[in-house]
Amino acid sequence: MNGSINLTADLGEGFGAYRMADDTAMLDLVSAANIACGFHAGDPRIMERTVRACVERGVSIGAHPGLPDLVGFGRRTLDCTPHEAYTDVLYQLGALSAFVRAHGGRIAHVTPHGQLGHLTRRREDIADAVARAARAFDEEIRVVSREGYLTEAAHRAGLRTGHVGFADRAYGDDGELVSRTLPGAVIDDPDEVVARVVRMARERRVVTTGGRELEIKCDTVLVHGDTPGSVRLARAVAEGLAAAGVAIRPLED
């Protein structure tokens, strides 16, 4: 049984006049935020506002770099070279850090978004490039991902890691997330999400779409900010964890 878990959400994912989630409400529920850095979402105003809100609430700040794909929200099937991955991630870390420094905070972790995250699971060279960019930025930063090439590359680079479980995404029998193009890939029923998260936190297990019991490494649970009813889901998760005796704390704690 586990006494604590880090609860995080992907935030700052609007652009211009467009808003993806109620970031203010989410920040009152989570212990960490993965903030979009401008490539798949986010702009200077949104980044500054989200960072300021995190610092005011004591929410741990993470960078959420993605591929340069505003139109597709960083989820389209795109490719990149290791050098492009390295420079794009380092660029985005630098952009976010300007606002974080201005508000007296620090970037505690980095976690790739969308298709960039998928690439780090399929290609060891891309995972290595992302880890190298993280280390070049800050040797104390933590790399947060599912167990795989990226966490292995981070260990080789001497970086700390965190392992994420997905509250609102279905897992296939192969341990991978079910494609968003398929029915049931995104889970928006609060009761089902809470039950999954409590089990992730206490037992490090999740049930796949095929009914298989899958053991996972998980010290962070993610609720996607763009999932329908994300604030309602996050509130239900926070209440469910409290009822199960699991405290919500940042990974640094």
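Read-outs throughout are calculated quantities, based only on the coordinates presented, and are distinct from any laboratory measurement. Quick caveat, the model's predicted, so the values are computed rather than measured. Glycine gets a Cβ as well: all are built from the backbone with ideal geometry, and neighbour counts include every protein chain shown.
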Contour excess over end-to-end distance, with Cα ends at residue 247 and residue 56 and 0.36 nm allotted per residue
66.7 nm
List every DSSP H helix in the chain whose Cα atoms extend 27 Å or more along the helix's own long axis and whose mean Kyte-Doolittle hydropathy is at least -1.0.
82-102
Any idea what the dipole of the chain comes to, in debye rounded to 20, about its Cα centre with Lys/Arg Cβ at +1 and Asp/Glu Cβ at -1?
260
Expected sort for 8-16, 213-221 on mean C-beta neighbours within 10 Å, highest first, is 8-16, 213-221
With a 10 Å cut-off between alpha carbons and a GNM built on the chain, which of 113, 40, 103 moves the most?
103
Applying a 10 Å radius around every beta-carbon, put 175-186, 117-128 in order of their mean neighbour count, most first.
117-128, 175-186
Separation between Cα centres of segment 147-225 and segment 1-60, rounded to whole Å
20
If the chain between residue 176 and residue 152 were fully extended at 0.36 nm per residue, the gain over the current Cα-Cα distance would be 6.9 nm
Taking the alpha-carbon centre of each part, the distance from segment 233-250 to segment 93-107 in Å is 28
Report the Cα-based extents of segment 4-248 along its three principal axes, largest first, to the nearest Å.
40, 37, 34
What is the antiparallel percent of DSSP beta bridges lying wholly in the chain, to the nearest 5?
20
Based on the Kirkwood radius over alpha-carbon pairs, what is the Stokes-Einstein translational diffusion coefficient of segment 112-253 at 10 °C with 1.306 mPa s viscosity, in µm²/s?
100
If you stretched the chain out fully between residue 49 and residue 83, how much longer would it get, using 0.36 nm times the residue separation minus the C-alpha to C-alpha distance?
9.2 nm
